[in-house]
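Following: one structure in structure tokens, then a few remarks.
Just so you know, all these numbers are worked out from the coordinates, no wet-lab data involved. Keep in mind that this is a model prediction, so the values were computed, not measured. Cβ placement follows ideal geometry from the backbone for every residue including glycine, while neighbour counts extend to all protein chains displayed.
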Amino acid sequence: MKPSTLIFILLVTLALLLAQCQSPSGQPTGLTAAEKSTFLTKGKKIATETFAELSGRLAAALEQGGVAYAVPFCSQVALPLADSMGRANNVIIRRTSLRVRNPADAPLAWETSLLQQFATADQAGEDLQPLVQKLPDGTVVFAAPIRVQPLCLQCHGRLGETLETTDYAVIHQRYPNDQAIGYALGDLRGMWSIQFKE
Ligand code: HEC
């Protein structure tokens, strides 16, 4: 066997060995397959329940008084709801985005890197899946993509098209640094972020 062939085989073996330590998304997770699956299941359940609660209340408020009524409602409900769902499940749950409406939702460093990872995969046309990771400080975190649905457009859509100018005046007054408009149906809006405390 030629030395170059031998080196090639060694490199391929090394690459395969390294690949085994990585999650499908290419990031080391530091979790066993069983732990990963447990945290994924928990994370999905908490995010789904919080989303159902939030969008149920949002839809009711929209029906009752339109965007002008639902926006103040949303800003009084979204964060406290996330807090109480978090306390009930012994986690910290947040909604975050690369373009936030409420500055309090701005991403933490680890959230930014996962948001960017989701955005890159989304641009490449990949199907985005929830994931879990262990941060360098040992905290286990869950992240799941949030996509724009029909209900969302009236507050996050294109100004003068799906988002009425008069409605936006209400939003902009409350959130003068809002970056969360211009979205279309199915766009990646942000992600659920869960930090497990145990
Ligand atoms: C009635 C208007 C309204 C509708 C409808 C609405 N949102 Fe929002 N959204 C807001 C407001 C207001 C905030 C800021 C909440 C706060 O102050 O905590 C927000 C915040 C968010 C955030 C947190 C990050 C940030 O930008 O602050 C995400 C993610 C989000 N919305 C996604 C959605 C999705 C997905 C939908 C549809 C299922 C949706 N929104 C529907 C008004 C709306």
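Can you give the FRET efficiency to the nearest 0.05 for Glu35 and Ala184, using r as the Cβ-Cβ distance and R₀ = 45 Å? FRET efficiency, Glu35 to Ala184: 0.75. For segment 24-196, what is the percent of antiparallel DSSP beta bridges, rounded to the nearest 5? The antiparallel proportion sits near 95 percent. Between Ala68 and Arg174, the contour length at 0.36 nm per residue exceeds the Cα-Cα span by 37.1 nm. A Förster radius of 22 Å, combined with the Cβ-Cβ distance separating Arg99 from Ala121, puts the computed FRET efficiency at roughly 0.80. For segment 24-196, what does the alpha-carbon gyration tensor say about shape, rounded, prolate or oblate, given a ≥ b ≥ c as the root eigenvalues, a/c under 1.5 as rounded, and a/b over b/c as prolate? Prolate shape, in that a/c is at least 1.5 and a/b is the bigger ratio.
Once you put a point 7 Å from the Cα of Asp137 and another 7 Å from the Cα of Thr166, both along the Cβ direction, what distance in nm separates them? Once both label points are built, they end up 4.7 nm from each other. Compared with the alpha-carbon gap, the fully stretched path from Arg147 to Lys197 is longer by 15.4 nm at 0.36 nm per residue.
Report, in debye and to the nearest 20, how large the dipole of segment 24-196 comes out about its Cα centre when Lys and Arg carry +1 and Asp and Glu carry -1 on their Cβ.
Dipole size: approximately 360 debye.
Using 0.36 nm per residue and subtracting the Cα-Cα separation, the extra length available between Leu79 and Phe51 on full extension is 8.9 nm.
One Cα centroid belongs to segment 50-110, the other to segment 131-198; the line between them spans 10 Å.
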